[in-house]
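Trainee: One structure coming up, written as structure tokens, with questions to follow.
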Amino acid sequence: MLVVRSLIFALLHSTTAVVFSLLGILSLPFPFKWRYKIISQWAISNLWLLEKICGISYQVEGIANIPDQPCVIMCKHQSTWETLALQAIFPPHVWVLKRELLWIPFFGWGLAALNPIAIDRSAGRKALQQVIEQGKDRLKSGVWVVIFPEGTRIANGFIGRFGIGGSRLAVEAGVPIIPVAHDAGKAWPRHGFIKTPGVIKIVIGAKIATQNKIAADVNKETYHWMEGQMTQLEGKRPTPIERGDKTRG
């Protein structure tokens, strides 16, 4: 039965992606926040489909920790689920993502309409500078920036090394970091087709100040918060892994 439900959801997930991608292209002449409001309905509708078809719902802890000012969101990356949920929970935002995602037919076209910070991850310092320059521009315009500091999806029970980009951006832009932890991997695993019914818990932490701090210290503080929250959510301390490990991707 789980296979059938997962298949139905996958078909609707893909079909609605095509529809909203076309709407995204048509909305290009409009201001960003108008485009965002239109395209983010895809994520919101898919969360509804996920609950009705696959029995996956979610609970949010710490909603009061979302401030009025734009911030850098540093979120745990276990699944596709969080890319949907963040759009339902947070104000308009853009993602830092690998540029190859924009090349995917339909999905990538709609994604491009959301004005992401698309980087070549092999570019090293150049990619980092792109994140900082474009991220500061987005924040000044009143748009939040989402960064997955582990760089890619990590299997539940593990935690990846944090890249410095999110912390550098927050420090140089003079904005706080809002850390976000969740256990979505138990219901919708990375690369997983089968969706398991359950309640995903997502925790929004209090803002982490960046004034008069260096990026390395901010990164460490955010990492320790994430590690502690994942320990509580998953019942055990996550195992640290390095880039290139098979639990990544």
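The values are calculated or read from the model by the stated rules, or taken from the named source; none is laboratory data. In this text, all values refer to a predicted model and were calculated from it rather than measured experimentally. Reconstructed Cβ throughout: ideal geometry from the backbone, glycine too, with neighbour counts over all protein chains shown.
Trainee: Hey, which of the helices (runs of 4 or more DSSP H) in region 76-165, taking only ones fully inside, have at least 3 residues that are in contact (Cβ under 8 Å) with a residue 12 or more places away in the chain and more than 11 Å from the chain's Cα centre (by Cα)? Before the answer, list the steps.
Mentor: Values: elements: 81-89, 107-112, 125-140.
Where helices (runs of 4 or more DSSP H) fall fully within region 76-165 and carry at least 3 residues being in contact (Cβ under 8 Å) with a residue 12 or more places away in the chain and more than 11 Å from the chain's Cα centre (by Cα), they are 107-112, 125-140.
Trainee: On to the next question. Take Lys76 and tell me if it is charged (D, E, K, R) and at pLDDT below 95. Even if it seems obvious, please write down each step before you answer.
Mentor: Details: charged (D, E, K, R): yes; at pLDDT below 95: no.
Spelling it out, it is not the case that Lys76 is charged (D, E, K, R) and at pLDDT below 95.
Trainee: Can I ask one more? Can His191 be described as touching a Phe, Trp or Tyr at 6+ places or on another chain (Cβ under 9 Å) and within 30 Å of Lys52 (Cα to Cα)?
Mentor: On the way: touching a Phe, Trp or Tyr at 6+ places or on another chain (Cβ under 9 Å): no; within 30 Å of Lys52 (Cα to Cα): yes.
It is false that His191 is touching a Phe, Trp or Tyr at 6+ places or on another chain (Cβ under 9 Å) and within 30 Å of Lys52 (Cα to Cα).
Trainee: May I pose another question? Please tell me if Thr231 is within 14 Å of His182 (Cα to Cα), at pLDDT 95 or above and among the hydroxyl-bearing types (Ser, Thr, Tyr).
Mentor: Working: within 14 Å of His182 (Cα to Cα): yes; at pLDDT 95 or above: yes; among the hydroxyl-bearing types (Ser, Thr, Tyr): yes.
Answer is yes for this residue.
Trainee: Just to verify a result, which residue in region 25-52, among those that are farther than 14 Å from Ala113 by Cα and free of Cβ contacts under 8 Å to residues at least 24 places away in the same chain, is farthest from the chain's Cα centre (by Cα)? I'd like the intermediate steps shown before the answer.
Mentor: Within region 25-52, the first condition is being farther than 14 Å from Ala113 by Cα, and the residues that meet it are 43-52.
Adding the requirement that they be free of Cβ contacts under 8 Å to residues at least 24 places away in the same chain leaves 48, 51-52.
Values: Trp48: 18, Glu51: 19, Lys52: 23 Å.
Looking at the filtered set, the residue picked out is Lys52.
Trainee: Which members of region 168-225 meet the condition of being exposed (fewer than 14 other Cβ atoms within 10 Å of the Cβ), within 20 Å of the chain's Cα centre (by Cα), at pLDDT 95 or above and part of a loop (DSSP other than H, G, I, E, B)?
Mentor: Answer for region 168-225, where residues must be exposed (fewer than 14 other Cβ atoms within 10 Å of the Cβ), within 20 Å of the chain's Cα centre (by Cα), at pLDDT 95 or above and part of a loop (DSSP other than H, G, I, E, B): just Ala206.
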